[in-house]
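Data block below; observations after.
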Amino acid sequence: MTHVGVVGAGVMGAGVAQNLAHAGHTVALVDRDPEAVKRALAGIGTNCRMSRLLGGPETDAEEVLGRIEADSDLSLLADAEIVIENITENWELKRALYLELDTVVRPDAVFVANTSAIPITRLASLTRRPRQFVGVHFMNPVPMKPAVELIPGHHTSSDALEKVRGLLGSMGKKAIDVNDACGFVSNRVLMLTVNEAAYLVYEGVASAETVDEVFRSCFGHPMGPLETADLIGVDTILYSIEVLHEHFGDSKYRPCPLLKHMTDAGLHGRKSGEGFYPYGPAAAPAVPAT
Ligand code: NAD
């Protein structure tokens, strides 16, 4: 059993906390927004109670929630052995957080960055512990996805990497080792695809439904790129393609204006209740306990 800190209780942080607590770890969950903390705990409780119906194992919601302590104060993370950061994909926000985390969290703890695109070496350089800094690109919904990308930074020690690999194993995750590069392997490809799919809608070439149907019916993909955008978060897609654009300085990553417009309008996908598709009240997908 490891005592794990989780920062950010949005789509990813809530999933990471649920997965960790179900695996028997104790979790300190922190989000600066108290409402996000409340939503995450409520969502985890519902997912556990519905686990059997969702095709997962019988799960005692009270037992899982009993392993999670949650607050909006970073000091809750002071004793964590590993801290997994899942805040908004924004360099300035992550920069300010890591500077603070470095002083709050015990010096021997390992930091894990769950980012869609920001290079791990760049994030690690913000801290006084670049040897104890590892990238893990979790997939969404976290409890249901069997694999992650595991990314060492330039200075990451093998001890830190293996400690994180061990934690991932206990969560039922296969770690796929990839080198540190903006967007890693998955999002170098996926973000371009989703951005280009958004351009098709923006230019009036096809509706979101038609774009997605082509991918489902012609390629046999379980979800089209715009349904995927709604699941990930339209804002997160925009921020990730902006990180790629800034990093490579290559116009192939120019963000589609429709993504900007939707982000400004609060059409963030399932988590806000509307994105390329309507979902009704904020509809984070229900996910079983593992
Ligand atoms: P989200 O918008 O659902 O949640 C982000 C949370 O971070 C919010 O609740 C916000 O209040 C909180 N936050 C922001 N600044 C903070 C701070 N300084 N301290 C504490 N909390 C803070 O975003 P998400 O989808 O959960 O993404 C989180 C990270 O995971 C991002 O870096 C994203 O790129 C990455 N990621 C997302 C996905 C996905 O499918 N959504 C997949 C893999 C990785």
- Can you work out ³J(HN,Hα) from phi for every residue in region 82-92, in order, using Karplus 6.51 cos²θ - 1.76 cosθ + 1.60 and θ = phi - 60°, giving whole Hz and x for Gly and Pro? 9, 10, 9, 9, 9, 8, 3, 6, 9, 4, 5
- Computed from the beta carbon distance with a Förster radius of 35 Å, FRET efficiency for Ala78 and Arg49 to the nearest 0.05 stands at 0.65
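With a Förster radius of 51 Å, plug the Cβ-Cβ distance of His155 and Glu196 into 1/(1 + (r/R0)^6) and report the FRET value to the nearest 0.05. List each step's numbers first, then the result.
On the way: r = 35 Å, r/R0 = 0.69.
With R0 = 51 Å, the Cβ-Cβ based efficiency is 0.90.
With N denoting the number of residues in the chain, provide Rg(C-alpha) divided by 2.2 N^0.38 Å, to two decimal places.
Normalised by 2.2 N^0.38 Å, the Cα Rg of the chain equals 0.97.
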- Over the Cα atoms of region 156-289, how large are the radius of gyration and the largest Cα-Cα distance (Dmax), in Å? 16.8, 52
- Item | Within region 103-127: backbone nitrogen closer than 14 Å to the Ser170 label point (7 Å, Cα to C-beta) | 110
- Query: Dividing the alpha-carbon Rg of region 1-124 by 2.2 N^0.38 Å yields what?
  - Reply: 1.04
- Would you please give the FRET efficiency between Ala42 and Met223, computed as 1/(1 + (r/R0)^6) with r the Cβ-Cβ distance and R0 = 22 Å, to the nearest 0.05? 0.30
- Hey, could you get me the Stokes-Einstein D for region 143-190, Kirkwood radius over alpha-carbon pairs, 4 °C and 1.567 mPa s, rounded to whole µm² s⁻¹? 112
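In percent, what relative contact order does the chain have, based on Cα pairs under 8 Å that are 6 or more apart in sequence?
RCO, the chain: 17 percent.
Just the ratio, please: alpha-carbon radius of gyration of region 188-264 over 2.2 N^0.38 Å, N its number of residues.
Values: Rg = 12.0 Å, N = 77, 2.2 N^0.38 = 11.5 Å.
That ratio works out to 1.05.
Only four residue types carry charge here, +1 at the Cβ of Lys and Arg and -1 at the Cβ of Asp and Glu. Report the dipole size of region 116-255 about the Cα centre in Debye, rounded to the nearest 20.
Numbers: 13 positive and 16 negative charges, 166 e Å.
Dipole magnitude for region 116-255 comes out near 800 debye.
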- Message: For the chain, set up a GNM with springs between Cα atoms under 10 Å and report which of Gly273, Gly55, Gly220 has the largest fluctuation.
- Response: Gly220
- Around Gly8, which amide H atoms from residues at least 5 apart in sequence, or from another chain, sit under 5 Å from its own amide H, with H modelled in the peptide plane? Val30, Asp31, Arg32, Asn86
- In percent, what relative contact order does region 188-264 have, based on Cα pairs under 8 Å that are 6 or more apart in sequence? 35
- Item | Beta bridges per DSSP with both ends in the chain, % antiparallel, nearest 5 | 20
- Message: Debye calculation, C-alpha points only, no solvent: report log10 I(q)/I(0) for region 51-188 at q = 0.13 Å⁻¹, in the same order as the q values.
- Response: -0.59
- Simple spin-label model, 7 Å along Cα-to-Cβ: Lys252 to Val205 in nm? 1.5
- Among 92-100, 261-269, the order from most to least packed when residues are scored by Cβ within 10 Å on average: 261-269, 92-100
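Taken together, the values in this text are just the output of simple stated rules run on the coordinates, not laboratory data. These numbers were taken from a predicted model, which means no experiment stands behind them. Every residue, glycine as well, gets a Cβ built from its backbone with ideal geometry; the counts of neighbours run over all protein chains shown.
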